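Before any comments, here is the structure.
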């Protein structure tokens, strides 16, 4: 549901999406080390598979996004991970458009970077279960941010998309809650059994 299909946006919009996405990915890749690749690959696979897990909401269904989870696990590398997952989703399952991969990456990737920043900032506090608390916030913010960006883009297309925008926003409320709980629980678990995974965020 957070994917925009081909033919919806004006060419100048989706072309701009590719340009912005390209710049962010190049910036992220300049920070990457060889040892970051395995974790990036695993999280990319998780984001890709998440799109196949659907939940019925009214007459349609929504799927997991896991962009907040990607932000917590990968930091700035969440953006290229999401970009690769979107390419696979579009090519293999026609989930979202080809021309809109760039703008869809922005919709999911920018909130993922925000989630990464929130989680990293939260680690500065001396709080019990801070990984769980800020992991949950990051997980929820990731999906909420993606829905917000998508809603803005749909509303910019005119009144015909107002009803669709409202439905998309409401339909994703359960997803926001589910991903907040999932990401918080996972971050809390990793903090206890393998904290170095979370410490790798830069």
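The values are calculated or read from the model by the stated rules, or taken from the named source; none is laboratory data. Everything numeric in this text was worked out from a predicted model, so none of it was measured. With ideal geometry, Cβ positions are generated from the backbone for all residues, glycine too; neighbour counts draw on all protein chains shown.
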Query raised in the report: Would you say residue 180 is farther than 16 Å from residue 133 by Cβ, in a helix (DSSP H, G or I) and at pLDDT 90 or above?
Result: no
Report task. Read through the list (1) assigned to a helix (DSSP H, G or I); (2) at pLDDT below 95; (3) surrounded by fewer than 22 Cβ atoms within 10 Å (Cβ to Cβ), then give the number of the only condition that residue 99 fails. Result -> (1)
Query raised in the report: Only one residue in 30, 60 is surrounded by fewer than 20 Cβ atoms within 10 Å (Cβ to Cβ) and modelled with pLDDT of 90 or more. Which one?
Result: 30
Report task. Could you tell me which residue of segment 38-53 is nearest to residue 3 (Cα to Cα), considering only residues that are outside any helix (DSSP H, G or I) and touching a residue at least 40 places away in the same chain (Cβ under 8 Å)? Result -> 51
Query - Unique match (being farther than 22 Å from residue 4 by Cβ and touching a residue at least 12 places away in the same chain (Cβ under 8 Å)) among 119, 83 - result: 119
Query raised in the report: Out of 117, 109, 68, which single residue is within 15 Å of the chain's Cα centre (by Cα), surrounded by 24 or more Cβ atoms within 10 Å (Cβ to Cβ) and farther than 25 Å from residue 11 by Cβ?
Result: 68
Query raised in the report: Which of the residues belonging to segment 4-37 are more than 13 Å from residue 105 (Cβ to Cβ) and not in a helix (DSSP H, G or I)?
Result: 5, 6, 7, 8, 9, 10, 30, 31, 32, 33
